[in-house]
Amino acid sequence: MNIKLHTPKSLANGSGLATVKQFLLSLVATTISIVLTFGTAYFVDKHKKESQKREMVMMLIYDFDQSLQMMQKNDSSFQHALDAQLAVARHPEQYDSLRFLILDAIMASQASMQKTTEQIFTSSIETFNTISNAYFIQQVSSFYMSRQSYTDAVREAISGPAEKYPPAESIENFLQMDFPELVYLSGSYLEGMTNIRNICMEMMHISEKELAAFSKKYTLEPQQDDEKKLERMATMMKAEETLKEARKKFPVQENK
């Protein structure tokens, strides 16, 4: 027995229900297309913002590390200066051989830190919008405030006394330098700021490996040879002392 299926007349081409069916199919297709278009754009934009956020976060932490590395280097210089000062306090006859060891500490106390990243962070509202994490922003602000406080405290502890009592001129001046306080300040700031750095790393889920890979993208400024720099400073100061003694023997005669 042959059974034939016929399209109901109500759904035949040209009928009202067929037109409605075609309209609904067209509407569904259009809706799906819109959803896919805007949905894809949304996820692409979201991924882009997350990428920008992570880039900014790692740039800030990378800047933290540059500051902390400089502070660690300074801390080592301050400790060496304290060791030299204590050695002279116990054995004054060693003054001539040890007095120039504190020059590195004096120069370290006067060094300035790079503030480009800090200025970007503090001057652009877009940065705050990109990061969108109030606690992280608070920690970053605390780090930079501590860094400025560290710079001021170190300079106050050594630069002022060094100008008033040039330590390379006499053993009395050398012993006037408060290197114990300087070492204490340096260690305290270094510990506190390192803790802030680690909190930020954990909060934003940044691994040391990921940060190391990010750091490779930056070209660091060539570092000066500190030993040569110290040697030049020592040579200059020795020359100045020699000339100072010679000028006492041969003072300038004023024209009458």
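When you scan segment 107-128, do you find a residue that is open to solvent by 70 Å² or more (accessible area, probe 1.4 Å), farther than 25 Å from residue 52 by Cα and assigned to a helix (DSSP H, G or I), even just one?
Yes: one or more hits.
Looking at 72, 114, 85, which one is within 30 Å of residue 214 (Cβ to Cβ) and in contact with a Leu (Cβ under 9 Å, 6 or more places away or on another chain)? I'd like the intermediate steps shown before the answer.
Details: 114 fails: in contact with a Leu (Cβ under 9 Å, 6 or more places away or on another chain); 85 fails: within 30 Å of residue 214 (Cβ to Cβ).
When all the criteria are applied, what remains is 72.
Just to check your reading of the model, which residue among 181, 156 is open to solvent by 40 Å² or more (accessible area, probe 1.4 Å), modelled with pLDDT of 85 or more and under 19 Å from residue 72 (Cβ atoms)? Before you say what the answer is, go through the steps one by one.
Values: 156 fails: under 19 Å from residue 72 (Cβ atoms).
That would be 181, the only listed residue that is open to solvent by 40 Å² or more (accessible area, probe 1.4 Å), modelled with pLDDT of 85 or more and under 19 Å from residue 72 (Cβ atoms).
Looking only at segment 159-170, how many residues end up being in a helix (DSSP H, G or I) and surrounded by 16 or more Cβ atoms within 10 Å (Cβ to Cβ)?
Here is the first cut: in segment 159-170, the ones in a helix (DSSP H, G or I) are 159-164.
Those still in the list that are surrounded by 16 or more Cβ atoms within 10 Å (Cβ to Cβ) too: 161-162.
Count: 2.
Mind checking which residues of segment 196-210 are surrounded by 13 or more Cβ atoms within 10 Å (Cβ to Cβ) and not in a loop (DSSP other than H, G, I, E, B)?
196, 197, 199, 200, 201, 203, 210
Please work out which residue is surrounded by the fewest Cβ atoms within 10 Å (Cβ to Cβ), limiting yourself to segment 78-106 and to residues that are more than 15 Å from residue 173 (Cα to Cα) and at pLDDT below 90.
Among them, the one singled out is 97.
Inspect all residues belonging to segment 78-94 and state whether any of them is part of a helix (DSSP H, G or I), in contact (Cβ under 8 Å) with a residue 40 or more places away in the chain and within 30 Å of residue 199 (Cα to Cα).
Taking segment 78-94 and keeping what is part of a helix (DSSP H, G or I), we get 78-90, 92-94.
Then keep just the ones that are in contact (Cβ under 8 Å) with a residue 40 or more places away in the chain; that gives 78-79, 81-82, 85, 88-89, 92.
Next, only the ones that are within 30 Å of residue 199 (Cα to Cα) stay: 78-79.
Yes, because at least one residue in segment 78-94 is part of a helix (DSSP H, G or I), in contact (Cβ under 8 Å) with a residue 40 or more places away in the chain and within 30 Å of residue 199 (Cα to Cα).
Residue 68 fails exactly one of the following numbered conditions: (1) closer than 20 Å to residue 192 by Cβ; (2) at pLDDT below 85; (3) surrounded by 14 or more Cβ atoms within 10 Å (Cβ to Cβ). What is the number of that condition?
The number of the failed condition is (2).
So how many residues does segment 110-161 have that are of a type in the set (Gly, Ala, Ser) and closer than 14 Å to residue 64 by Cα?
Start the filter on segment 110-161 by keeping residues that are of a type in the set (Gly, Ala, Ser), which leaves 111-112, 123-124, 132, 134, 141-142, 146, 149, 153, 157, 159-160.
From what's left, closer than 14 Å to residue 64 by Cα: 141-142, 146.
Qualifying residue count, segment 110-161: 3.
The values are calculated or read from the model by the stated rules, or taken from the named source; none is laboratory data. No experiment lies behind these values; they were computed from the predicted model shown. Cβ coordinates were reconstructed from backbone atoms using ideal geometry, including for glycine residues, and neighbour counts include every protein chain displayed. Just the protein is used for accessible areas: all its heavy atoms, side chains included, with ligands, DNA and RNA removed. Shrake-Rupley method; radii C 1.70, N 1.55, O 1.52, S 1.80 Å.
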